[in-house]
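The values are calculated or read from the model by the stated rules, or taken from the named source; none is laboratory data. Given the structure is predicted, the values throughout are model-derived calculations rather than measurements. Here the Cβ positions follow ideal geometry from the backbone for every residue, glycine too, while neighbour counts run over all protein chains shown. Surface accessibility is based on the protein's heavy atoms, side chains included, excluding ligands, DNA and RNA. Shrake-Rupley method; radii C 1.70, N 1.55, O 1.52, S 1.80 Å.
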Amino acid sequence: MENKILEIKKNAACEINSASNLKELDEVKNKYLSRQSELNNLKKGLKDIDPSLRPKIGALTNEVSKEIENLIKEKNEVFYFEELNQKLASEKIDPTLDGTYIKKGKVHTLTSTVNELVEIFEHLGFSLIENKYSPEVEVEKYNFDLLNTPKEHPARDVQDTYYAANAEHVVLRSQTSGAQIHAMKNQKPPIRIIAPGRVYRNESVSARKNNLFHQIEGLCVDKDITFTDLKGTLNEFIRLYFGSSRPTRFRNSFFPFTEPSAEVDVQCIMCGGKGCSTCSGTGWLEILGCGMVDPNVLEGVGIDSSVYSGFAFGMGIERLTMLKYAIDDIRLFFNNDERFLKQF
Ligand code: DAH
């Protein structure tokens, strides 16, 4: 028995020695150290031999297993370093070669304006309304009727509004103001929301007008909301967006869903108020529409207008961006010209 074990050891050492690659070495390992190996079978047979011989034979099989294992380990290392050296020799790095240029993407100018506006209004206590509550494909009722807009109002004209060809009273929203209705139908006062998004108008495209553009809508409804709250909120917004040194003015206006209504102008950023072609000589640039929510609108969504009042505002995101950065053509936002987009 002892001889048998020593012979196994000799054979294993010999085969390990002559293995010429990792695969062959693995085969040797399998042959001598696996469960089905001769050595292992001998170990299993120990219980059948003369008990007085067991300790000696047992110790010997263990010792031989260990020795074979060590030999394999050593040989493994030899192969490992051989391979590594080969690899290092073949994979030389040339640090003088040009690297691969990876183009970095960035947020679109309009998206960063939206992000900035949202941040400002959140700071002023407004929350972003979820998009699902204010869809781009809208029913006339939300885009016009519930906003107190008469049936014969010119904005409803197909010249301004895109109507679905195959569904009655379905439009591409022409303003984000419908979000006010969604908000008031989905939550009870106090309400303070903003809703940015795309709007569509049937315009002929020019440097000043595109048939797709973006607006952000704001609505505040609570007890005791007054025009002063509206003015304070918007002045603070303008201060944060344009900087503190820019004078503003509120001008009388009309919108069907607000009463009274106003438009807000900021002093022309091009001429500083002296009058130039950008501001058509007036020294002022109109940036938004706003007003106190018309009681008809509140009643239309079931809010008691003798208890609650509110203000609303809406503005064009392209326009705000153009005024801040002196961009003179709205089409630049949609042409995907990197020379333009990279600048912001
Ligand atoms: N929806 C108006 C527009 O597209 C802008 C507007 C005016 C929104 C007054 C308002 C508002 O919320 O109160 O021209």
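Some observations on this one:
- With a Förster radius of 45 Å applied to the beta-carbon distance between ASN21 and LYS106, the computed FRET efficiency rounds to 0.30.
- Taking a sphere under 9 Å around the Cβ of ARG251 and counting the other residues whose Cβ falls inside, with K and R at +1 and D and E at -1, yields a net charge of -2.
- For region 335-344, 3J(HN,Hα) per residue [Karplus equation, 6.51 cos²θ - 1.76 cosθ + 1.60, θ = phi - 60°, Hz, x = Gly/Pro]: 8, 6, 8, 4, 4, 7, 4, 4, 6, 10
- Per-residue SASA entry for TYR308, accessible area with 1.4 Å probe, Å² rounded to 10: 50 Å²
- Virtual spin-label span in nm between ARG339 and HIS169, 7 Å along Cα→Cβ: 5.0 nm
- Cysteines in the chain that lack a partner Cβ within the 4.7 Å cut-off: CYS14, CYS220, CYS290.
- Of the residues TYR200, TYR32, TYR142, the one that moves most in a GNM of the chain with alpha-carbon contacts below 10 Å is TYR32.
- Residues of type aspartates and glutamates that LYS209 reaches as a straight line, Cα spacing below 13 Å, ignoring anything fewer than 8 places off in the same chain: ASP160, GLU318, ASP328, ASP329
- Computed from Cα atoms alone, the Kirkwood hydrodynamic radius reported for region 1-114 is 18.5 Å.
- At R0 = 30 Å, FRET efficiency that the Cβ-Cβ distance of LEU33 and ASP94 yields, to 0.05: 0.10
- Solvent-accessible surface of the chain, taken per residue with a 1.4 Å probe and all protein chains present: 59 Å².
- Ranked from largest to smallest solvent-accessible area, with a 1.4 Å probe on the protein heavy atoms, LEU97, LEU341, LEU147 come out as LEU97, LEU341, LEU147.
- Spatial extent of the chain: Rg and Dmax, with the Cα atoms as the point set, Å: 39.8, 117
- Both radii were evaluated on the Cα set of region 58-177; the Rg over Rh quotient, with Rh as the Kirkwood radius, amounts to 1.58.
- Kirkwood's formula applied to the C-alpha pairs of region 97-165 gives a hydrodynamic radius of 16.4 angstrom.
- Whichever lysines have a C-alpha closer than 28 Å to that of LYS87, once near sequence neighbours (fewer than 8 apart) are set aside: LYS23, LYS29, LYS73, LYS75
- Highest GNM mean-square fluctuation among GLN180, GLN215, GLN159, for the chain modelled with Cα contacts below 10 Å: GLN159.
- Cα centroids of region 163-222 and region 147-161: 14 Å apart.
- Computed with a 1.4 Å probe over protein heavy atoms only, the accessible area of VAL107 comes to about 80 Å².
- Estimated dipole of the chain in Debye, rounded to 20 [Cβ of Lys and Arg +1, of Asp and Glu -1, Cα centre]: 700 debye
- Within the accessible surface of region 191-329, defined with a 1.4 Å probe on protein heavy atoms only, the carbon and sulfur portion equals 45 percent.
- Measuring with a 1.4 angstrom probe and ignoring ligands and nucleic acids, ASP328 comes out at about 120 Å² accessible.
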